[in-house]
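What follows is a single structure, written as structure tokens, with notes after it.
The values are calculated or read from the model by the stated rules, or taken from the named source; none is laboratory data. Small disclaimer: the values here were computed from a predicted structure and weren't measured. Here the Cβ is made from the backbone with ideal geometry for all residues, glycine too, and neighbour counts use every protein chain on show.
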Amino acid sequence: MRGSLDDVARAIDSYERLLITWHVDPDPDSVGSGLALQMALEGIGKQVVSISPDPLANWYDFLPGVGRCQAFHADLKLDFDAAIVLDCEPERCGGLSSYLKSGLPVINIDHHGSNPGSGKAFYVNPEAAATGEIIHELITAYWKVQLTEAISTNLFASLSGDTGTFRYSNTTGKTLKIAGELVQHGANPAEIAMYLYENRSYQAVNLMRLALDTLEISSDGEIGWITVTREMLGEDPWIGQHSEDIIRFPRMIKSVKLAVLFREIESEKTKASFRSRDDIDASYIASLFGGGGHARAAGCTIDSPLVEAKAEVLSTAAKMLSTQRGSESPPI
């Protein structure tokens, strides 16, 4: 745990015009947390604008308030007293990063252990299952905000997304208690799960089919990986936000300790996502390529073509697992 939630609350209290943003290639935790926080802060009289570094795919349309979230573009007017960066370090906010480094006070809230914490005030709690768990505490314990159906829906989507519908090892009793409270205040688990996982376009499901055809496994069976190319994404590049779900398939294989999803973002840029089990630290592998995350779920963006990035990542991962087998003090 780094920083103080008390300091974060006091810092937010001291500003009136606030920007809320999150990481590139957003997920339900970042978006749900941001929208819930925006609603809560507006409820206590703040002027708040949420801006996503990347456009949001239409699978977020069910989230209350998402229509007010803007997508960053170079001509966007940015004039705020402070910024709240959720679910990542400020450096991961894409085109907004330069504005965040311009001297603007930045308040950082995250649950990724790889985040060192920075800014006017920050709070990083790796024990939280999702950033939404921290936002729940912030708005209910510090500002006594009444949970509405809209806020509860956004926070439940946040928790559901980052816990794999409460299946992952980061799910705790506290997580489930918060989820229960959100349901009592109007969140509908079945409906949220339907929108997140069972409301895909044909293109999104076809992407899964194409990606599964690329499934490969290492000779020792310990590493499994899937590849998503730009060609697979077709005319809608943001459909790639769905591709994170696909990583669960190589992880299903009994022998696989490390699952990797490679996604081609640009000709010279590749995203690698990692999911692990046993004592494999996915965040350590991601950190070697400038990324981060959790012990069991992490990622990085590599400024290399897809073929080169895959070769480098798989070689590094194989060496790590080999070292672990032969060492009493494994590095991962």
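Evaluate the following for Asp75: is it assigned to a loop (DSSP other than H, G, I, E, B), acidic (Asp, Glu) and either surrounded by fewer than 19 Cβ atoms within 10 Å (Cβ to Cβ) or at pLDDT 95 or above (or both)?
In short, yes.
Hey, among Ile192, Ile139, Ile151, Ile217, which residue is outside the structural domain of Asp13 (by TED's automatic domain parsing) and either small (Gly, Ala, Ser) or modelled with pLDDT of 95 or more (or both)?
Ile217
Could you pull out the residue among Gly45, Gly117 that is assigned to a loop (DSSP other than H, G, I, E, B), surrounded by fewer than 21 Cβ atoms within 10 Å (Cβ to Cβ), in contact with a strand residue (DSSP E or B) (Cβ under 9 Å, 6 or more places away or on another chain) and at positive phi?
Going through Gly45, Gly117 in turn, just one is assigned to a loop (DSSP other than H, G, I, E, B), surrounded by fewer than 21 Cβ atoms within 10 Å (Cβ to Cβ), in contact with a strand residue (DSSP E or B) (Cβ under 9 Å, 6 or more places away or on another chain) and at positive phi: Gly117.
Output the strands (runs of 3 or more DSSP E) that fall wholly within the range 216-322 and possess 2 or more residues being among the charged types (D, E, K, R), or say none.
Those strands (runs of 3 or more DSSP E) span 258-266, 269-276.
Scan the range 21-39 for residues that are surrounded by 24 or more Cβ atoms within 10 Å (Cβ to Cβ) and within 18 Å of Gly67 (Cβ to Cβ) and jot them down.
Once the filter is applied, which keeps residues that are surrounded by 24 or more Cβ atoms within 10 Å (Cβ to Cβ) and within 18 Å of Gly67 (Cβ to Cβ), the range 21-39 yields Thr21, Trp22, Pro26, Pro28, Ser30, Val31, Gly32, Ser33, Gly34, Leu35, Ala36, Leu37.
Take the range 35-57 and flag every residue that is over 19 Å from Gln146 (Cβ atoms), under 19 Å from the mean Cα position of the chain (by Cα) and without any contact (Cβ under 8 Å) to a residue 60 or more places away in the chain.
Ser50, Ile51, Ser52, Pro53
Looking at the structure I just gave you, is Arg263 of a type in the set (Lys, Arg) and surrounded by fewer than 17 Cβ atoms within 10 Å (Cβ to Cβ)?
For Arg263, the condition - of a type in the set (Lys, Arg) and surrounded by fewer than 17 Cβ atoms within 10 Å (Cβ to Cβ) - is not met.
Only one residue in Thr165, Thr140, Thr175 is closer than 26 Å to Val124 by Cα, in a loop (DSSP other than H, G, I, E, B) and either among the polar types (S, T, N, Q) or touching a Phe, Trp or Tyr at 6+ places or on another chain (Cβ under 9 Å) (or both), so which one is that?
The conditions single out Thr165.
Kindly list, by first and then second residue, each pair from a residue in the range 129-144 that is more than 15 Å from Ile44 (Cα to Cα) to a residue that is of a type in the set (Asp, Glu), limited to pairs with Cβ atoms under 7 Å and residues at least 6 apart or on different chains.
Once the first residue is more than 15 Å from Ile44 (Cα to Cα) and sits in the range 129-144, its partners that are of a type in the set (Asp, Glu) give Ala129/Asp162; Ala130/Asp29; Ala130/Asp162; Thr131/Asp29; Thr131/Asp87; Thr131/Asp110; Gly132/Asp29.
So for the range 20-30 (the condition being without any contact (Cβ under 8 Å) to a residue 60 or more places away in the chain and in contact with a strand residue (DSSP E or B) (Cβ under 6 Å, 6 or more places away or on another chain)), does at least one residue qualify?
no
Restricting to the range 48-72, count the residues that are outside any loop (DSSP other than H, G, I, E, B) and within 21 Å of Ser102 (Cα to Cα).
7
Matching residues to (1) acidic (Asp, Glu); (2) modelled with pLDDT under 95; (3) in contact with a His (Cβ under 6 Å, 6 or more places away or on another chain); (4) closer than 30 Å to Glu308 by Cβ:
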| position | (1), (2), (3), (4) |
| --- | --- |
| Ala157 | no, no, no, no |
| Tyr168 | no, yes, no, no |
| Tyr202 | no, yes, no, no |
| Gly234 | no, yes, no, yes |
| Ile247 | no, yes, no, yes |
| Arg251 | no, yes, no, yes |
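Being of a type in the set (D, E, K, R), loosely packed, with under 15 Cβ neighbours inside 10 Å and within 19 Å of Ile285 (Cβ to Cβ) is the filter here, so list the residues in the range 208-232 that pass it.
Selection gives Glu216, Asp220.
Within the bounds of the range 198-207, is there any residue that is in a strand (DSSP E or B) and not assigned by TED's automatic domain parsing to the domain that holds Ala36?
no
Given the conditions (1) within 15 Å of Asp87 (Cα to Cα); (2) touching a residue at least 40 places away in the same chain (Cβ under 8 Å); (3) more than 17 Å from the chain's Cα centre (by Cα), report the number of the one that Thr172 does not fulfil.
Condition (1) is where Thr172 drops out.
Please indicate, with yes or no, whether at least one residue in the range 89-102 is over 22 Å from the mean Cα position of the chain (by Cα) and part of a helix (DSSP H, G or I).
Checked against the condition, which is being over 22 Å from the mean Cα position of the chain (by Cα) and part of a helix (DSSP H, G or I), the range 89-102 yields no hits at all.
Just checking, does the range 278-285 include any residue being in contact with a Pro (Cβ under 8 Å, 6 or more places away or on another chain), surrounded by fewer than 16 Cβ atoms within 10 Å (Cβ to Cβ) and not assigned by TED's automatic domain parsing to the domain that holds Val24?
yes
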